[in-house]
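Shown next, in structure tokens, is the structure this report addresses.
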Amino acid sequence: MSLIEPSKELPPQAVRHSAQSPDDPVPAWMLWGLLLLLIVLLYAWRPTYVSHLLVMFGIYLLLSTSLNLVTGFGGLMSFSHAAFYGIGAYAYAVARLQAGPSGDQAESIIWAAGWPFVPAILFAMAVGALFGWLVSLVTLRFRGDYFVFATLGIQMIIFSVLYNWVELVRGPYGLYGIPRPDLFGWSLRDSWQYLLMLVPVVTTVVGALWIVYRSEFGLKLKAMREDERAAMSTGIATNRMAGLAMTIAAGVAALAGASYASYVTYIDPTSFSLSESIFLVALLMLGGAGNLTGPVVGTLIMVALPEAMRFVGLPDAVAANVREIIYGGLLAGLMFWRPQGIAGERFVGT
Amino acid sequence: MINSISPLDADNSGILVFKDLHKRFGDIAVLKGVSGKLVPGQISAFVGPNGAGKTTLFQLLTGELKPDRGSATLNGQNILGSSPYRLAGRGIGKLFQDVRAFPNLSILDNVIVAIVARQSYRDKPFDFGLVRNGRSQVLAKKAREYLSRVGFDANEEALAKNLSWGNQKLLALARLLAGEFRCVFLDEPIAGISTLMANRMVPLIRELAEAGVAVALIEHEITFVESLANDVIVMNEGVVIDSGSASEVLSHAETREICLGL
């Protein structure tokens, strides 16, 4: 509403602020607030438990905000996001591992480069983006439910390759001893040090995605989501836009994967299975899509919920099942009362 | 069949010239050799009963369908087989029969999309607008100009899906204007809207033609066609059976029977 007549007295800063769309309420303070919260938490407690949670929150934030570009903006419900996450993790791992002292593992796979940290991260992102682009060439021939199933198929294929091609990445045995980050001689060894590196990375990438959300590109994706025929009739090359969105999203997912691999130092394909992809879509549905707040809220809840459950003190044997039931119930309830998710702009779906 | 169809025997003086277009869906031949042209500054109305092939013809010429046979050129260059967004980039715009405003975008964004699409694709084909602000004040100001041209008075931040049908049509028209096309196809622009709203539409369409745009429209409302069209093309069962000025074609008994049921 404030857009109608920006009054002349307003300073330029205020005018720019008022251009923000009303359904995307003040994400800037949210980012800074989160950053501040992270720093405060870090220095107040510094327990591994908190920093571990925050690292996982950061990694999932990368995953949810990138999936949001494809699913929330482009309206394409993709079930292959975990595959790009996995590709990033494995690309980082093989780029870092080297034949040497503990070389038996590295020698048993086709390629292990032994690169330093930064090139390995960039390599992982590039490989992820490349795969995202290739996958988009195939899957964007479909729309709606068919697109969902095409991405589901891609997820299964990539998972099967990671799981069964033992010479490539040791399949179900996984890769262990993945080097943690080394930045200019500074080795990150524990999780709060790791957080110091991750916070700026996540802030930068999520901030960049936020700019992309608000860009002309984001608007064109939304137009495509709303009505592809009409979008094309205005001159939007919808396939090209969606392909670009999938490429960017896969690159960011791969960054998340590389962060994960460098953090936990052991990966195997089960972390990147279909259920992980479903989890990511569910996360977006829960928080809401099409703006920045939705994925942030969704990630917060999905990362915090299992931890909150810990304090309830359920026996280990049932805890996991109860958590699934709660997720399911939450989603079903949301579909019923608030299909656009807690803080979203529009229903995620076909 | 009425006398031969001289005005439409396509010479190449029009901006958009199409010849001998054929299209069949399964067993049904929808278009059986349709030729014609659209001229800058002229309003050509396509009339005829349902199933005559008018909408199919529009879909062929806007890239949404591919013909089985025939040719079509825009300023002498082939347009058949190009996708709709490429044709939009080359100056062909369309108002859909079922409107197709972007439902979950605001009124303002609906128009901004068209401005952004025109600027980035037509003028800079490799610029995706990845970081340029899609809601800048410059764009919003331009969008407001188009909205005020169609006399839009609703709250510009309202979502398009909450508008009445008539207002959605006006919005779609504003979006079409924002595309600054050279040749526009209007599929039943006043179908389903009040006379009052339709009367607002007429001068807008006329202005478009006066600005040098080639306008093609499909319409069942004969009085509307009479008041607007320079040229009326009567179609029936996939062929053009008559054409000329509105008064001319309506003086033919068979045309009147087909168009008006008289």
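The values are calculated or read from the model by the stated rules, or taken from the named source; none is laboratory data. These figures come from a predicted structure and were not determined experimentally. Positions of Cβ are backbone-derived with ideal geometry, glycine not excepted, and every protein chain shown enters the neighbour counts.
Summary of values
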| quantity | calculated |
| --- | --- |
| Enumerated helices (runs of 4 or more DSSP H) restricted to the stretch A:147-256, each holding at least 2 residues that are at the interface with chain B (Cβ under 10 Å from one of its Cβ atoms) and over 30 Å from B:Glu64 (Cβ atoms) | A:191-214 |
| Test for B:Asp187: is it of a type outside the set (Val, Ile, Thr), within 13 Å of chain A (Cβ to nearest Cβ) and free of Cβ contacts under 8 Å to residues at least 24 places away in the same chain | no |
| Which listed residue is among the acidic types (Asp, Glu), closer than 15 Å to B:Val239 by Cβ and either out of contact with any Pro (no Cβ under 6 Å at 6 or more places or on another chain) or surrounded by 23 or more Cβ atoms within 10 Å (Cβ to Cβ) (or both), from B:Asp20, B:Asp27 | B:Asp20 |
| Residue that is farthest from B:Phe58 (Cα to Cα) [pool: residues in the stretch B:186-206 that are modelled with pLDDT of 90 or more and in a loop (DSSP other than H, G, I, E, B)] | B:Pro189 |
| Number of the exception - B:Leu130 against (1) out of contact with any Leu (no Cβ under 6 Å at 6 or more places or on another chain); (2) within 8 Å of chain A (Cβ to nearest Cβ); (3) assigned to a helix (DSSP H, G or I); (4) over 28 Å from B:Phe18 (Cα atoms) | (3) |
| Those residues of the stretch B:87-106 which are within 7 Å of chain A (Cβ to nearest Cβ), free of Cβ contacts under 8 Å to residues at least 60 places away in the same chain and crowded, with 23+ Cβ neighbours inside 10 Å, in sequence order | B:Phe102, B:Leu105 |
| Filter result (out of contact with any strand residue (DSSP E or B) (no Cβ under 6 Å at 6 or more places or on another chain) and closer than 21 Å to B:Val17 by Cα) within the stretch B:241-262 | B:Gly244, B:Ser245 |
| Residue match in the stretch A:226-244 (condition: under 28 Å from A:Trp29 (Cα atoms) and either within 15 Å of the chain's Cα centre (by Cα) or not aliphatic (A, V, I, L, M) (or both)) | no |
| Residue among A:Asn291, A:Asn321 that is out of contact with any strand residue (DSSP E or B) (no Cβ under 8 Å at 6 or more places or on another chain), of a type outside the set (D, E, K, R) and farther than 30 Å from A:Ile211 by Cα | A:Asn321 |
| Residue list for the stretch A:134-146, restricted to those being surrounded by fewer than 21 Cβ atoms within 10 Å (Cβ to Cβ) and within 25 Å of A:Ser271 (Cβ to Cβ) | A:Leu134, A:Val138 |
| Single match in A:Ala237, A:Ala245, A:Ala223 (criterion: aliphatic (A, V, I, L, M) and free of Cβ contacts under 8 Å to residues at least 12 places away in the same chain) | A:Ala237 |
| The stretch A:178-203, subset among the small types (Gly, Ala, Ser) and exposed (fewer than 14 other Cβ atoms within 10 Å of the Cβ), residue farthest from A:Val94 (Cα to Cα) | A:Gly185 |
| Given (1) under 28 Å from B:Asn75 (Cβ atoms); (2) surrounded by fewer than 22 Cβ atoms within 10 Å (Cβ to Cβ), index of the condition B:Val215 fails | (2) |
| Residues (in contact with a Gly (Cβ under 7 Å, 6 or more places away or on another chain) and more than 24 Å from B:Gly244 (Cα to Cα)) located in the stretch B:38-78 | B:Lys66 |
| Exclusive hit being touching a residue at least 40 places away in the same chain (Cβ under 8 Å) and either crowded, with 21+ Cβ neighbours inside 10 Å or of a type in the set (Ser, Thr, Tyr) (or both), set A:Ala129, A:Ala95 | A:Ala129 |
| Only one of B:Ala172, B:Ala114, B:Ala140 that is at the interface with chain A (Cβ under 7 Å from one of its Cβ atoms), aliphatic (A, V, I, L, M), within 30 Å of B:Ile233 (Cβ to Cβ) and in a helix (DSSP H, G or I) | B:Ala114 |
| Unmet criterion (only one of (1) facing chain A (nearest Cβ under 7 Å); (2) in a strand (DSSP E or B)) for B:Ser120 | (2) |
| Residues located in the stretch B:143-158, provided they are out of contact with any Pro (no Cβ under 7 Å at 6 or more places or on another chain) and within 13 Å of chain A (Cβ to nearest Cβ) | B:Ala143, B:Arg144, B:Tyr146, B:Leu147, B:Ser148, B:Phe152, B:Asp153, B:Ala154, B:Asn155, B:Glu156, B:Ala158 |
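Per-residue answers, yes or no, for (1) surrounded by 15 or more Cβ atoms within 10 Å (Cβ to Cβ); (2) more than 13 Å from the chain's Cα centre (by Cα); (3) within 21 Å of A:Tyr194 (Cβ to Cβ):
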| site | (1), (2), (3) |
| --- | --- |
| A:Val264 | yes, yes, yes |
| A:Pro269 | yes, yes, no |
| A:Ser277 | yes, no, no |
| A:Leu280 | yes, no, no |
| A:Leu286 | yes, yes, no |
| A:Gly298 | yes, no, no |
| A:Glu307 | no, yes, yes |
| A:Phe311 | no, yes, no |
